[in-house]
There are 2 protein chains.
Amino acid sequence: MESHYVLSLIFRRARKEDVPAIVAMLADDHLGAGREGDPGDERYLAAFEHIDANPRDELIVAEQDGKVVGTMQLTYLAGLSRLGAERCQIEAVRVAAATRGQGLGGKMITWAVDRARARGCAMVQLTSDRSRPEAHRFYDTLGFTASHVGYKLNLG
Amino acid sequence: MESHYVLSLIFRRARKEDVPAIVAMLADDHLGAGREGDPGDERYLAAFEHIDANPRDELIVAEQDGKVVGTMQLTYLAGLSRLGAERCQIEAVRVAAATRGQGLGGKMITWAVDRARARGCAMVQLTSDRSRPEAHRFYDTLGFTASHVGYKLNLG
């Protein structure tokens, strides 16, 4: 006889008190490690307020058994192209180290795609660093097409 | 003795009356041709109003001797990453067919980068379709790094 431990998993808008956990996930990464500061830095809270106040931004967290274990930011982009279609852009996708390999990332992206479709978006788009081949296989599996080259210019 | 024709060239926020010219440029392209509608379609005007009302969006036109010859859309993205740095995303860059090969695209992107820097953005980002190798050389020349893979998922 087996015991079944049912984990609760919810996706919701981030709250102010989630910011340190989100920043910790952004920093816990081979790319993020060198560019993030102290999770309590007040600039993160200011940025959170800015995101939270904008109706076109949704900072999302995945909460499993009361603990924040994943994050992503959705931005709904207006544009003239394609008869003025709205696009959903996904940025800053992270899963907590202890929770990786359990399919959470796929659930998050699938949830985001469903949310964008329900809103009437014509497209979901994101970019992924070339140094993350495992992420690329992941997006391919989810039905995304690697049709574009993503360019960045740092102004820092 | 040479004659010098000094062309006036300005970059400015698009106005409602520019919308048909912008849509015509979006459509005059091997990728855009199949996905745009009539430039007078009211959905374009509705999308323009939506963009124009958002302080984080700037739909820009290049006007040469009173004629709209180029367009691009700048969106200022808020995020927690990099101490809450703002990014400038450039989308829907087009130069009118009759004006191509005169360096206008480079002037537009350079203007956008300067504008993003003046605003305090930490980064400028854009994606370019893999089927536009000439655009890729162009962004390389302007100092951009092709560090990312750009994924799209059509929901249409």
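The values are calculated or read from the model by the stated rules, or taken from the named source; none is laboratory data. The structure presented is a predicted model; accordingly, all values stated were derived computationally and were not measured. We place every Cβ from the backbone using ideal geometry, glycine too, and count neighbours over all the protein chains shown. All accessible areas refer to the heavy atoms of the entire protein, side chains included, with ligands and DNA or RNA removed. Shrake-Rupley method; radii C 1.70, N 1.55, O 1.52, S 1.80 Å.
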Practice problem: Please enumerate the residues belonging to the range B:59-86 that are charged (D, E, K, R), open to solvent by less than 40 Å² (accessible area, probe 1.4 Å) and under 18 Å from A:Ile90 (Cα atoms). | Solution: B:Glu86
Self-check item: Criterion: surrounded by fewer than 16 Cβ atoms within 10 Å (Cβ to Cβ), within 9 Å of chain A (Cβ to nearest Cβ) and free of Cβ contacts under 8 Å to residues at least 12 places away in the same chain - qualifying residue of B:Ala46, B:Ala33
Solution: B:Ala46
Quiz item: What number of residues in the range A:94-138 are within 11 Å of chain B (Cβ to nearest Cβ) and buried (at least 18 other Cβ atoms within 10 Å of the Cβ)?
Solution: 13
Practice problem: Among the residues of the range A:103-156, count how many are among the β-branched types (Val, Ile, Thr) and within 15 Å of A:Glu91 (Cα to Cα). | Solution: 5
Quiz item: For A:Lys152, all conditions in the list (1) within 7 Å of another protein chain (Cβ to nearest Cβ); (2) open to solvent by 30 Å² or more (accessible area, probe 1.4 Å) hold save one; what is the number of the exception?
Solution: (2)
Quiz item: In the range B:87-110, is there at least one residue being in contact with a Lys or Arg (Cβ under 9 Å, 6 or more places away or on another chain), closer than 30 Å to A:Ala46 by Cα and without any contact (Cβ under 8 Å) to a residue 24 or more places away in the chain?
Solution: no
Practice problem: For the range B:30-40, indicate whether the set of residues that are in contact with a strand residue (DSSP E or B) (Cβ under 8 Å, 6 or more places away or on another chain), assigned to a helix (DSSP H, G or I) and among the hydrophobic types (A, V, I, L, M, F, W, C) is non-empty. | Solution: no
Quiz item: Out of all the residues in the range A:57-72, is one or more of a type in the set (A, V, I, L, M, F, W, C), assigned to a helix (DSSP H, G or I) and at the interface with chain B (Cβ under 8 Å from one of its Cβ atoms)?
Solution: no
Quiz prompt | Scan of the range B:109-135 for residues that are among the aliphatic types (A, V, I, L, M), part of a helix (DSSP H, G or I) and closer than 22 Å to B:Ser147 by Cβ, ordered by number | solution = B:Ile109, B:Ala112, B:Val113, B:Ala116, B:Ala135
